[in-house]
Structures are given as C-alpha cells and as structure tokens.
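S.K.: Quick one: this structure, given as structure tokens, is what I'll be asking you about.
Please treat every number below as a calculation from the coordinates, not as lab data. This one's a predicted model, so the numbers in the text were calculated from it and none came from an experiment. We place every Cβ from the backbone using ideal geometry, glycine too, and count neighbours over all the protein chains shown.
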C-alpha cells in the first residue's frame with residue numbers, strides 16, 4: 001500500500017462539487033433527514049469510491065444510518081474522498097486505492113465485521129464475499145440492492161444454487177438505470193476518459209464495440225455522433241439485429257479484429273478479446289474495457305504473445321509482439337471510466353439518479369421487511385417512477401397526468417367500453 005497521505009481538502013472539494021450537482025439527493029435529505037428511516041441500522045455500501053458515491057453515503061447517514069463502506073474495485077478508490085468521508089459522523093470507511101487481491105479481500109471483510117443490516121452493492125462484491133467467507137452474517141441482513149448487470153447475474157446464480165438467504169433488488173434492471181446510467185453514463189464517461197488518457201482523436205477511426213446491451217448501445221451511438229465508424233460485435237442475434245437496424249456494421253470479433261483502430265468491451269463476460277484476435281490486430285490498436293471486471297480483454301493471452309511491454313503514457317501499457325506490432329491496453333483492462341489515472345466515473349447528474357434508485361430501493365426493502373422471499377426481485381415500478389418524478393421536479397419540468405376517462409380506457413377490454 002502507498003504511504004502518501006491523502007489530500008483531505010481536495011476530498012472535501014470533490015464532495016462539495018458533487019453535492020451541488022446532485023439535486024435528487026438534496027431532496028432526499030430534505031424528505032428523510034428528519035424522519036430518519038434508517039435509524040439504528042448499519043448500511044454497508046460497496047461501490048466505486050469517488051465523490052458521487054460519497055454523496056450517497058452522506059445521504060444514507062443523514063437518513064439515520066450508520067454507514068460503513070468499502071470499494072468494489074481495487075483501482076477505482078479515491079483516497080482523498082475516503083478521508084473526507086471518514087471525518088464525518090456515522091460514517092466508517094475501509095478502502096484504499098491500489099490494493100492487492102489479498103488486501104482487497106481483507107478490507108471488505110472488515111466491513112462485514114460491522115454486521116450490516118442492509119447492503120448497497122456493486123457487482124455483488126460484498127454479498128458474494130459474505131457468502132464465501134462469513135455466511136452466518138446473512139441471517140441478519142434485511143436485503144441487498146444491486147446496481148450492475150454483473151452483480152445481478154451473480155445474485156441470480158446464488159438464488160439458483162439455493163445460497164441466497166435474503167431478498168435482492170435488481171436496481172440495474174430498472175428503466176431509470178438502463179436508460180440513463182448505462183446509456184448516457186457509461187457511454188459518455190468511457191469515451192471521454194478514453195480520449196483523455198490516450199489524447200487520440202475518435203472522429204474518423206474504426207472503433208469496435210463489443211456488446212450491444214444498454215451500455216454498448218450508449219457507446220456505439222455516442223461514438224458515431226463523434227464521427228467514428230462503429231463496428232458492433234454480439235453473441236445475441238436479437239441485439240445484433242438491432243445494431244444492424246440502427247445502421248452499425250455488425251460482424252464477429254474475428255472479422256473485426258484486423259479492422260479496428262480502437263476496441264471497447266461492454267459485455268459483462270470474459271475473454272471477449274483473446275489470442276486469435278490479438279494475432280490479427282493492426283499495429284497501434286488501442287483496447288479498453290467498460291465492464292466491471294478486468295476479464296473481458298485476456299491479458300494472459302496478450303502477454304504470451306508479447307516480446308515486451310512498457311508504460312507509454314500514464315494508464316496505457318504497450319505490448320510489442322514478436323513481429324513488431326504494438327497493441328495498447330488502457331488501465332490494465334480494468335474499467336476505463338473509473339480506473340485510468342484521469343478517470344472520474346460517470347457524470348454527476350447520472351449518478352444522482354442511479355444512487356437515488358439505490359437509496360429508494362433500500363428504503364423499500366426496509367419498509368417491507370419480512371414480506372419478501374429470499375430471491376432476486378425487480379424494483380417495484382412505483383419506486384422507479386418516484387425517482388423520475390423527483391428528478392423532473394428538480395429540473396422544473398411539468399408533465400401531463402391521466403384523466404379518469406383515460407385511466408378507464410386503459411383498463412377496458414370490452415369493445416363498447418373502448419369505443420364509446
């Protein structure tokens with residue numbers, strides 16, 4: 001671990017800037033700061049620890065919780081933000097940037113020692129760690145809220161194996177998460193951080209986007225708007241067809257490998273770019289990953305092919321193959337929008353919505369404590385709609401409401417009720 005003391009004042013400034021641009025959280029603190037629905041409860045937050053996550057932690061504490069937090073990825077933690085949070089009452093953090101896998105596990109286990117009542121998770125990191133190392137603690141947990149595709153998959157696997165002992169809300173699968181965080185958050189932050197860390201032009205480049213889920217769609221659409229020539233690879237025929245109908249080139253990674261200038265993965269799966277693809281890539285290709293884990297780009301395969309490797313820019317590693325071709329990988333294949341040296345994560349306004357969903361989902365789990373079986377649930381629609389309503393209120397936007405005749409029309413099925 002590094003011994004450099006974090007810049008506490010910088011952490012405070014980062015939190016202040018995030019608060020200014022997170023009006024939904026300001027409203028939540030107004031609504032629940034006096035009621036304190038989480039009073040007496042320990043809420044564990046496992047996420048990428050930067051300023052927006054910090055505001056969620058502050059909002060939970062304002063609503064009465066004792067918040068204990070840790071990172072969901074060893075390279076995305078901002079130590080200055082952690083220091084600024086740890087000086088606040090009812091907040092305890094166990095997190096540090098640059099941990100080894102062993103240190104990362106140790107620090108997450110420290111959070112579990114606080115015996116959380118609720119878990120707000122990213123990639124099911126803390127939930128999976130609990131079941132692997134401290135399964136007895138699951139008896140106390142009211143539920144967990146999960147904000148990533150990867151995490152929902154892991155929770156569903158736990159449910160299928162009969163391991164999951166408390167209810168889980170799939171916050172990732174809500175419209176407020178898919179339509180904004182995944183499309184606009186991942187889309188803008190991945191591309192902007194890619195451009196900053198490489199200082200390379202996107203316009204005119206052939207860019208391969210692996211995956212056309214919500215994140216991949218955001219990447220592909222925004223890259224095209226910047227003038228890139230986008231190729232999409234997919235394993236799902238329906239998503240591939242959708243990409244085709246939106247005007248993108250669609251092909252296998254095998255065919256795309258020799259064509260791409262840049263590659264961005266957003267699949268949530270492993271070994272998306274591997275040996276047979278590296279062998280075909282052009283000299284100077286640049287690769288980055290937008291998925292949670294650093295497994296989408298097979299660095300083991302690339303290292304086997306490489307004659308040498310070196311850091312050519314902060315956060316960019318150059319692998320020189322035996323024939324002289326150079327392949328560049330950003331942030332060791334970790335999250336490009338959070339782990340590269342200049343990365344700041346999703347835009348503040350997007351995370352205001354996503355973390356508000358996490359807060360409201362946790363509140364709903366608490367309010368319905370003991371009513372839900374231990375399985376993965378979609379977040380109730382009224383919770384998702386409420387966050388959207390608060391967001392519109394903060395924007396000063398008014399929308400229409402259904403008249404009673406319109407409600408009856410939507411509920412009718414008889415011809416005479418519909419026609420007249």
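S.K.: Starting from 0.36 nm per residue, how many nanometres of slack lie between residue 10 and residue 88 once their C-alpha separation is accounted for?
M.R.: Working: separation 78, 0.36 × 78 = 28.08 nm, distance 1.52 nm.
Once the chain is fully extended between residue 10 and residue 88, it gains 26.6 nm.
S.K.: Measure off 7 Å from each Cα along the Cα-to-Cβ vector at residue 393 and residue 134, then give the distance between these two points in nanometres to one decimal.
M.R.: Placing both labels 7 Å along Cα→Cβ, they lie 3.6 nm apart.
S.K.: May I ask you to sort 346, 66, 114 by Cβ crowding, counting other Cβ atoms within 10 Å and putting the fewest first? Present the calculation step by step, with values, prior to reporting the outcome.
M.R.: Details: 346 25, 66 20, 114 16.
Ranked by crowding around the Cβ, least crowded first: 114, 66, 346.
S.K.: Add -39500 (n - 2.57) for each DSSP H run of 4 or more in the chain, then divide by its residues: what number comes out at 222 nm, to the nearest 500 deg cm²/dmol? The partial results should precede the final answer.
M.R.: Values: 17 runs with 172 residues, N = 420.
Value at 222 nm, helices only: -12000 deg cm²/dmol.
S.K.: Here's something else I'd like to know. Over what distance in Å are the Cα centres of the stretch 384-420 and the stretch 221-294 separated?
M.R.: What the calculation gives is 40 Å, centre to centre.
S.K.: Using a 10 angstrom cutoff on alpha carbons, build the Gaussian network for the chain and name the most mobile of 217, 408, 134.
M.R.: Maximum fluctuation in the GNM of the chain, among the listed residues, is at 408.
S.K.: Highest mean first, how do 173-182, 410-419 rank when packing is the count of other Cβ atoms within 10 Å averaged over residues?
M.R.: 173-182, 410-419
S.K.: Here's something else I'd like to know. What is the Cα centroid distance between the stretch 103-129 and the stretch 76-93, reported in whole angstrom?
M.R.: The stretch 103-129 and the stretch 76-93 have Cα centres separated by 16 Å.
S.K.: Who wins for biggest fluctuation among 98, 64, 324 in a Gaussian network model of the chain, springs between alpha carbons below 10 Å?
M.R.: 324
S.K.: Right, next: Once you place label points 7 Å from the Cα toward the Cβ at residue 242 and residue 311, how far apart are they in nm?
M.R.: The answer from the label model is 3.9 nm.
S.K.: Choose one answer from 307, 266, 256: the residue with the largest mean-square fluctuation in a GNM of the chain with alpha-carbon springs under 10 Å.
M.R.: 307
S.K.: Pull out the extension gain between residue 280 and residue 251, defined as 0.36 nm times the separation in residues minus the alpha carbon to alpha carbon distance; nm, one decimal.
M.R.: On the way: separation 29, 0.36 × 29 = 10.44 nm, distance 1.49 nm.
Using 0.36 nm per residue and subtracting the Cα-Cα distance, I get 8.9 nm.
S.K.: Report the label-to-label distance for residue 115 and residue 195 in nanometres (one decimal), using points 7 Å from each Cα along the Cα→Cβ vector.
M.R.: The modelled label-to-label distance comes out at 5.1 nm.
S.K.: Moving on to the next point. How do 215, 46 line up, fewest other C-beta atoms within 10 Å first? Provide the component values of the computation, followed by the final result.
M.R.: Working: 215 27, 46 30.
Listing 215, 46 from fewest to most nearby Cβ atoms yields 215, 46.
S.K.: Among 153, 244, what is the fewest-to-most ranking by other Cβ atoms within 10 Å? Walk me through the intermediate numbers first.
M.R.: Details: 153 18, 244 14.
Result, fewest neighbours first: 244, 153.
S.K.: Share of Cα-Cα pairs in the stretch 182-333 beyond 26 Å, in percent? Before the final figure, lay out the partial values.
M.R.: Working: 1876 of 11476 pairs.
Above the 26 Å cut-off, the stretch 182-333 has 16 percent of its Cα pairs.
S.K.: What length, rounded to one decimal in nm, is gained on full extension from residue 320 through to residue 21, with 0.36 nm per residue of separation minus their alpha-carbon distance? Write down the numbers at each step before the final one.
M.R.: Details: separation 299, 0.36 × 299 = 107.64 nm, distance 4.31 nm.
So the chain would gain 103.3 nm between residue 320 and residue 21.
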